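Structure, as structure tokens:
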Amino acid sequence: MTTTDDSSRLFLLAGGRERAALLRDGLAREVLPGVLVPADVPVTPRLRARAVREKLGDWETDAGRGRSVGFGTAAWLHTGVCPRSNAAAGARHPLPERLDLVIGRNRRSPALPGVRVRQVDVPPEHLQSVEGLLVTHPHRTSADIARDLPRAEALPLLRLLQELYDVHPPQVLDLLGAMSYARGAARARDVVRDWAEMA
């Protein structure tokens, strides 16, 4: 078993039996596949960000190099809810089975297991740092999931982002207006209009 710094109380288990025993005995809970915390530690956006950093190892997010966390992983980090299309099969409380990383266009894509890389130019003002991890802020995350996820998955996440971060449909429509040539932007506007009608 390897352990990160004591202040985070986040640890990564090397052995499958030890992991299974800790989970079975209720001593730990899984934040990401293979990344566990003691059962009494609250799982917050900050802790989820630490878990992502643990999984990424040496790969660092960096606004200058166009590297961040986005899409479904950003939604999970902000809300604790993983899109079904990105959840580990059979997970009781779904965990991301892969991480969604964003790199700038014409940048070299990292070869990391369990990672999906999107080549998208994300302006620095659409990013925020959570525990040293650059992630799209909730407004940009809302725009991205509206254009990336099926409507049935996107709408509950949009409502949750609204509840937790005061994100509203007009703000997301404004962002999508500035992304008019981005893949899925036209469909996303329809999803956001449906969300607005539900409010």
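Here is how the numbers come out for the structure above:
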quantity	calculated
0 to 90° range, to nearest 10: angle between helix 45-56 axis and the chain longest Cα axis	70 degrees
Rounded to whole Å, sorted largest first: equivalent-ellipsoid semi-axes of the chain, Cα gyration tensor	30, 19, 14
Computed E for Glu197/Gln119 - FRET, C-beta separation, R0 41 angstrom, nearest 0.05	0.80
Share of carbon and sulfur in the accessible heavy-atom surface of segment 32-87 [1.4 Å probe, %]	46 percent
Accessible surface, the chain, averaged per residue in Å² (probe 1.4 Å)	51 Å²
Folded to 0 to 90 degrees: helix 151-165 orientation relative to the chain principal axis, Cα	80 degrees
Between segment 120-141 and segment 32-63, the alpha-carbon center distance in angstrom	16 Å
Whole-number percent relative contact order across segment 37-165, with pairs defined as alpha carbons under 8 Å at least 6 apart	26 percent
GNM flexibility winner over the chain from Asp40, Asp121, Asp148 (Cα, springs under 10 Å)	Asp40
The chain, helix-only ellipticity at 222 nm - DSSP H runs n ≥ 4, -39,500 (n - 2.57), divided by all residues, nearest 500	-12500 deg cm²/dmol
Three principal axis lengths of segment 107-199 [C-alpha, angstrom, descending]	41, 28, 25
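The values are calculated or read from the model by the stated rules, or taken from the named source; none is laboratory data. None of the values given here were measured: they were computed from a predicted structure. Every residue, glycine among them, receives a Cβ derived from its backbone with ideal geometry; neighbour counts consider all protein chains shown. Heavy atoms of the whole protein, side chains included, go into the accessibility calculation; ligands, DNA and RNA do not. Shrake-Rupley method; radii C 1.70, N 1.55, O 1.52, S 1.80 Å.
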